[in-house]
Amino acid sequence: MLGPSPELPEAALEERFLAATGPGGQNVNKVATAVQIRLDVFALRLAPPVYARLKQLAGSRWTNEGEIVLTARSFRTQEANRADARERLLALLAKAHQAPVRRIKTKPSRTAKEKRLVGKAIRGDVKKGRSKVSFD
């Protein structure tokens with residue numbers, strides 16, 4: 001871990017409210033409840049490995065301008081959608097700050113290798129017994 005995930009600076013965020021689809025009946029046609037949040041990643045000044053992990057995690061939400069675009073439209077109110085979008089963005093940043101655990105290579109023991117080979121030999125004999133019988 002390279003340190004705690006940074007708080008989202010307001011200067012790096014841009015929010016836009018859109019007409020949402022989904023629950024809300026006729027209300028969705030009148031009120032812009034969905035939120036589209038854009039985060040300028042360069043304003044965060046992330047360490048190169050964190051930046052690379054964030055870019056990988058963001059996937060198609062990453063734009064060519066170096067922004068992450070998230071849209072939240074699950075709820076019927078702007079406030080709830082706004083909180084949801086910010087929460088998801090913070091979770092994405094937190095995950096990017098977690099360095100992957102390095103895998104330690106292991107080697108099977110000599111007895112494990114022998115056991116595997118014995119098992120293969122037994123299995124081979126079983127399969128050989130299923131073949132056609134020749135009367136030579």
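Under the condition of being closer than 30 Å to R61 by Cα and among the β-branched types (V, I, T), the residues counted in segment 80-136 number 1.
Among the candidates P108, P100, the residue that is open to solvent by 70 Å² or more (accessible area, probe 1.4 Å), more than 28 Å from D40 (Cα to Cα) and in a loop (DSSP other than H, G, I, E, B) is uniquely P108. N29 falls short of the stated requirement of being in a helix (DSSP H, G or I), open to solvent by less than 40 Å² (accessible area, probe 1.4 Å) and among the polar types (S, T, N, Q). Would you confirm, using the coordinates I've provided, whether L93 is within 30 Å of T21 (Cα to Cα), touching a strand residue (DSSP E or B) at 6+ places or on another chain (Cβ under 8 Å), among the hydrophobic types (A, V, I, L, M, F, W, C) and open to solvent by less than 60 Å² (accessible area, probe 1.4 Å)? Here the answer is no, as L93 does not meet what is asked. Annotation note: of R61, R73, R82, R86, the sole residue that is closer than 22 Å to A19 by Cα and open to solvent by less than 50 Å² (accessible area, probe 1.4 Å) is R86.
The values are calculated or read from the model by the stated rules, or taken from the named source; none is laboratory data. What you see is a predicted model, and the numbers here were worked out from it, not measured in a lab. Heads up, the Cβs are rebuilt from the backbone with ideal geometry, glycines too, and the neighbour counts pull from every protein chain shown. Accessible surface is based on the protein model in full, side chains and every heavy atom, while ligands, DNA and RNA are left aside. Shrake-Rupley method; radii C 1.70, N 1.55, O 1.52, S 1.80 Å.
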